[in-house]
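Q: Quick one: structure below, then a few questions.
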Amino acid sequence: MADLMDDLTSLAKRRGIAFQSSEIYGGLRSAWDYGPLGTELRRNIRNAWWRDIVQLRDDVVGLEASVIMSPKVWEASGHVGGFSDPLVECRSCHQRFREDHLNDGACPNCGNHTFTEPRHFNLMFQTHMGPVEDDASVAYLRPETAQGMFVDFGLVQTVSRKKLPFGIAQIGKSFRNEITPSNFIFRTREFEQMEMEYFVHPGTDEEWFDTWVQLRLDWFTGLGVRPEKLRLRPHEPDELAHYAKAATDIEYEFPFGWAELEGIANRTDFDLRRHSESSGEDLRYFDQETEERFLPYVVEPAVGVDRALLVFLLDAYRVEEAPTAKGGTEKRTYLRLHKDLAPTKVAVLPLSRNEQLTPTAREVFELVQPRWMCDFDDAGSIGRRYRRQDEVGTPFCVTVDFDTLDDRAVTVRERDSMTQQRVPIAKLVDHLQGAL
Ligand code: GAP
């Protein structure tokens, strides 16, 4: 099972989906770059989330807050005082680890069992604003996007004229100085979050919490993740974040075990209360029907783009025996990605680089290119080109052959079943539209 992680990491590098940051300098263990296909995949994940959370609902609006916020935000939110992990140092090799990540209490580096007492290590990246580096210029890179929604709550509510219950959604980079970044893009120091703060009447929060847990689970299965690979894990009281009354993780069965994919938290009125008290700004909501003023409760689904991307890739990764043209079989690696997520939707493949085929193949390409992300590939054998597209999850390959010149039809090959269908060029867009 662990090999799957290696196979996927190698596929991701080979095909330019994701690879180590600064690789020409030996790479940075905790940061990753996304190449052309990874970039498309990330855009598709963000779009699928935004469509589900904002576009298809009339009770959620968007926000793009800045990464650097007033340091007072992080003092009020409790992150300066409480956003830390227990750090221990191995007494033998002096490497440092997160205490709760040690397997059976053994050092992952040398196997020794004695460690220093744990100390709290704050995960926020610190920097300085302006030319003077002193205590007064300290600033932080945000460790979650959520605080933007809390400090801008009053403003966004006023301009959007939303009534409870309603949500504010944001997609953006977050930074955490993780003690042990690990497992490819699973835990990194720079990552992107998709978070939504859903503001509700106190007393309705538990019901909304259950609703959002279910909606978020449905989002993953709707995008093709196998349900048996997902499970819910409610947090024990002693592991709850400092702001939460209840939390449930949506876990995925990664090759390295079950682990958090997304977290849904009931943050109560903790954040709005802290910011009201700290800023002196009244962040209470005014209910026009009851003429009451109160702080709403908040239910928050929060997921990482990178972690979701890892799950979509792992879940889609398939290796199967497939028939060859010569009557034998060969190993076929393909990504069974949902069509909405696939980086390239259609590949146009002229049978060969023949000068008679090229103009028609370009004509077909220009027909589909304005509608979907497409690829034009005329290099190498057709079988090899099918395999290249399979490996990155392209749902459809359109082949232009010599018959096309006579019958003005192309062959459309579907990725998962590998079935092929002859479709007139004049009907190609309609045909693909029905399937994409
Ligand atoms: N605002 C709540 C919050 O940030 P979290 O459980 O710490 O909650 C939410 O983070 C999600 O963000 C996680 O479920 C995970 O998908 C992603 N995430 C958190 N830390 C990450 C890291 N170091 N690397 C990659 N993704 C991370």
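The values are calculated or read from the model by the stated rules, or taken from the named source; none is laboratory data. Treat the numbers as computed from the prediction; the structure is a model and nothing was measured. Quick reminder, even Gly has a Cβ in these numbers, built from the backbone with ideal geometry, and neighbours come from all protein chains shown. Ligands, DNA and RNA are stripped out before the accessible areas are found, and what is left, the full protein with its side chains, is counted by its heavy atoms. Shrake-Rupley method; radii C 1.70, N 1.55, O 1.52, S 1.80 Å.
Q: Given the conditions (1) more than 27 Å from Met5 (Cα to Cα); (2) open to solvent by 60 Å² or more (accessible area, probe 1.4 Å); (3) modelled with pLDDT of 95 or more, and given that Asp218 satisfies all but one, which numbered condition is not satisfied?
A: (1)
Q: Check every one of the strands (runs of 3 or more DSSP E) wholly within segment 1-81 and list those with 1 or more residues that are charged (D, E, K, R).
A: Filter on segment 1-81 gives 28-34.
Q: Please indicate, with yes or no, whether at least one residue in segment 38-56 is open to solvent by less than 50 Å² (accessible area, probe 1.4 Å) and either hydroxyl-bearing (Ser, Thr, Tyr) or over 18 Å from Gly172 (Cα atoms) (or both).
A: no
Q: Next question. Among Leu8, Leu28, which is the only one that is open to solvent by 60 Å² or more (accessible area, probe 1.4 Å) and of a type in the set (A, V, I, L, M, F, W, C)?
A: Exactly one residue qualifies, and that residue is Leu28.
Q: Now a separate question. Output yes when any residue across segment 126-138 is surrounded by 17 or more Cβ atoms within 10 Å (Cβ to Cβ) and at negative phi, and no when none is.
A: So far as segment 126-138 goes, no, none of its residues is surrounded by 17 or more Cβ atoms within 10 Å (Cβ to Cβ) and at negative phi.
Q: Among what's in segment 270-286 and is part of a loop (DSSP other than H, G, I, E, B) and open to solvent by 80 Å² or more (accessible area, probe 1.4 Å), pick the residue that is nearest to Leu4 (Cα to Cα).
A: Here the residue is Arg284.
Q: In addition: Could you grab me the full set of residues in segment 193-205 that are open to solvent by 10 Å² or more (accessible area, probe 1.4 Å) and near the ligand (Cβ under 8 Å from one of its atoms)?
A: Gln193
Q: Scan segment 82-92 for residues that are touching a Cys at 6+ places or on another chain (Cβ under 7 Å) and assigned to a loop (DSSP other than H, G, I, E, B) and jot them down.
A: Ser92
Q: Only residues in segment 164-185 that are over 30 Å from Arg293 (Cβ atoms) and more than 10 Å from the ligand (Cβ to nearest atom) count as the first member; pair them with residues that are of a type in the set (Val, Ile, Thr) and in a loop (DSSP other than H, G, I, E, B), Cβ under 9 angstrom, at least 6 apart or cross-chain, and list the lot.
A: That search, which allows pairs on different chains as well, returns Ile171/Thr145; Gly172/Val67; Gly172/Thr145; Lys173/Val67; Lys173/Thr145.
Q: For segment 287-312, how many residues meet the condition of being open to solvent by less than 80 Å² (accessible area, probe 1.4 Å), out of contact with any Asp or Glu (no Cβ under 7 Å at 6 or more places or on another chain) and more than 15 Å from the ligand (Cβ to nearest atom)?
A: The number of residues fulfilling the criteria is 3.
Q: Taking strands (runs of 3 or more DSSP E) that do not extend beyond segment 351-436, which have at least 2 residues that are under 24 Å from Arg332 (Cβ atoms) and open to solvent by less than 60 Å² (accessible area, probe 1.4 Å)?
A: It comes to 374-376, 396-400, 409-414.
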